[in-house]
Amino acid sequence: MSSASVCTQCGSNNIQLDPHFCLEQQICTDCGFVLEEGSFQNDPTRAFQSQQSQIALPLKYRQHNNFREHVSKARRDGALRVEEISAMLRVTSDVMVEEAKTLFTQAFNLKVLNKAKREKKRVLPGCVVYIVCRQHDWPILLSDMWDLLQCRDSVFYSVYKVILAELDITITVPEIETVVPSVIQKCGFTFDLSDEQMKAVTQIVCLAKNTWITCGRRYDPIIIASVFLVWKAEDYAKRKKTSIPKFCRQIKFGTQVLPMVRSRVQEFEGLFLKLVSEIPWVETGQIDKKNIVCYLSDILRYEKTLLAGKYGDSDLESDDEERELQEKILPPMSYSTELDENDIPDSELHKYIRSTKEVMMVEDAQKSAQEYEEENPLKRKDSSSSRKTRKRKISDVENTP
């Protein structure tokens, strides 16, 4: 700004510089006339500088004005939440954690989820961790994530389906028999299951799978119902009056799945009644849903034969399997004189006749007993009459006043 010495209006020499809002002005103090007004354009201190000096701005200013990629607080918190959920599920692989973070970034940038409610955004980290675990064939269920995140199943499932549809991801559903040990461990039963009982639970679950009971159903109520039936059949005399609600109180989350467990138990009992009707030595008039668990071992032993007879299952792998199914079902106790050692437990093997010599000895003993009875019929009558007289005397003594 050039400095003037004389006012053009009044001719006074009293000129003063006035900093008006950071813009210097020359003003005549006698008449108040503005001789010259400054501006940023004609300011010599803001002359043209090199490009390097112009972009040398503070770091905070560059981040705020998107000079570099800016990560929002919600995205940072979501990445930390992914690490926390992975630690709770004991995902120790760094590769899986990085895959979950990458998938979270992709899902976070989806326009469909940007307008979603806060409740759905909170379950987003859990959804991506579940997807990565299932891609690595981990035996984890959706119900496990619901319990871990403490959210509603409908909210979690809606976000999960959006991620699969928008990012074109395919997830295979785990087989129910592969998740039996994990579900039983998660339930925390107050009793321990033996290897035979675990095998029976797995067989019941596979039977439910073959009869379409598991189709579209949650896995954990089906497995809990199978455990209840096996546990009840082990000691039916003591546990026949145990109700399903009382049994479910032994489980950590039993009250949540109680209605579904009750429905699955009723479906199993109805299925067992249909299959038991195909067993020849069982009288169907004496069987109901209360005592059907007593025949659980027979049902599981002849599962294929009973299913083929009741439902006409024709999906057989070979002719040998067809012949096995067409064979006659034997009762649990055989009436033949000779038994195979594989059919008799080792603890009861000494009670059975195993050799032809022992068979001949028993037959000789039976013949001698019959001959003795034929030779002495009177002695047998006398012994029976004496017993009757003794009973009469005892009853007379008791009835005397």
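The values are calculated or read from the model by the stated rules, or taken from the named source; none is laboratory data. No experiment lies behind these values; they were computed from the predicted model shown. In this analysis, Cβ positions are derived from the backbone assuming ideal geometry, glycine residues included, and neighbour counts consider all displayed protein chains. Remember, those area values only see protein heavy atoms, side chains included, never the ligands or the DNA or RNA. Shrake-Rupley method; radii C 1.70, N 1.55, O 1.52, S 1.80 Å.
Could you list, in sequence order, the residues of the stretch 149-205 that are part of a loop (DSSP other than H, G, I, E, B), out of contact with any helix residue (DSSP H, G or I) (no Cβ under 9 Å at 6 or more places or on another chain) and touching a residue at least 24 places away in the same chain (Cβ under 8 Å)?
GLY188, THR190
Only one of GLY254, GLY270, GLY285 is open to solvent by less than 10 Å² (accessible area, probe 1.4 Å), assigned by the TED database to the domain that holds LEU300 and not aromatic (Phe, Trp, Tyr); which?
Answer to the selection: GLY254.
Against the definition (at pLDDT 90 or above, under 27 Å from ASP298 (Cβ atoms) and outside the structural domain of LEU110 (by the TED database)), how does PHE228 come out, yes or no?
So PHE228 fits the description; yes.
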